[in-house]
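Student: A single structure is presented below for examination.
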Amino acid sequence: MRLPRHAGVWFAGFTLWFCTLWWLSSRVHHVPPPLTFQASDKVLHFGYFLGGAGLLSAALFRWKPERAPWMHVAVVTLIVTLVGVLDEYHQSLVPGRHGNDIYDLTADFLGALTGALLFLPFRRLFAD
C-alpha cells in the first residue's frame, strides 16, 4: 500500500479535520438517531479525536521520522487534547451550545491518546 509521503498532505488533512470540528462546534445540532443512548456524544467525541490524532501522527512521523515513538505519542496527544480544550471553550460561546464539559474533554483526550497509540504499528507504512 502506498500512502502519501509528504508531511504537508497529512498536515492538510489535520487542518481540514480541525476546520470541520470548528464548523460543527459553531452549529446547534442533535445526535443522529442511531446514537441516542445516554453517552452517545462521548462516543462521537472519542471517535472524532481518534481520527484527528491519526492524521496528526502521520504528519509528525513524516516530518520528523527520527523522533522517538513515545515522543510522537506525547506530542500528538497534547496537541489534539488542546484542540479539545479550545473546542469546548468555543462551544461555550455559541448560543444554544454548552461547552466546557469535562466528560467531553475526557473523551477527546482518550480518543487522542488511543489514536496516537494505534498509529504506532502502522508507522512502517509511512517509512521511506
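Read the figures in this text as sums done on the coordinates, not as results from a lab. It should be emphasised that the depicted structure is a prediction, and the values quoted were computed from it without experimental measurement. Every residue, glycine among them, receives a Cβ derived from its backbone with ideal geometry; neighbour counts consider all protein chains shown.
Student: Roughly how tilted is helix 102-119, in degrees to the nearest 10 and between 0 and 90, from the longest Cα axis of the chain?
Tutor: Tilt of helix 102-119: around 20 degrees.
Student: Right, next: What do you get for the angle between helix 40-63 and the principal long axis of the chain? Use alpha-carbon atoms, 0 to 90 degrees, nearest ten.
Tutor: Rounded to the nearest ten degrees, it is 30.
Student: Eigenvalues of the Cα gyration tensor times 5, then square-rooted: what semi-axes does that give for the chain, in whole angstrom, largest first?
Tutor: Over the Cα atoms of the chain, the semi-axes work out to 28, 14, 13 Å.
Student: Same structure, new question: What do you get for the angle between helix 69-93 and the principal long axis of the chain? Use alpha-carbon atoms, 0 to 90 degrees, nearest ten.
Tutor: Around 20 degrees separate the two axes.
Student: Can you order the peptides 86-98, 4-16 by their average number of other Cβ atoms within 10 Å per residue, highest first?
Tutor: Descending mean neighbour count gives 4-16, 86-98.
Student: Can you tell me the length gained on complete extension of the stretch residue 43 to residue 28, counting 0.36 nm per residue apart and subtracting the Cα distance?
Tutor: Values: separation 15, 0.36 × 15 = 5.40 nm, distance 1.80 nm.
Net length gain for the segment: 3.6 nm.
Student: Please find the FRET efficiency linking residue 3 to residue 70, where r is the Cβ-Cβ separation and R0 is fixed at 30 Å, and quote it to the nearest 0.05.
Tutor: The formula returns an efficiency of 0.85 here.
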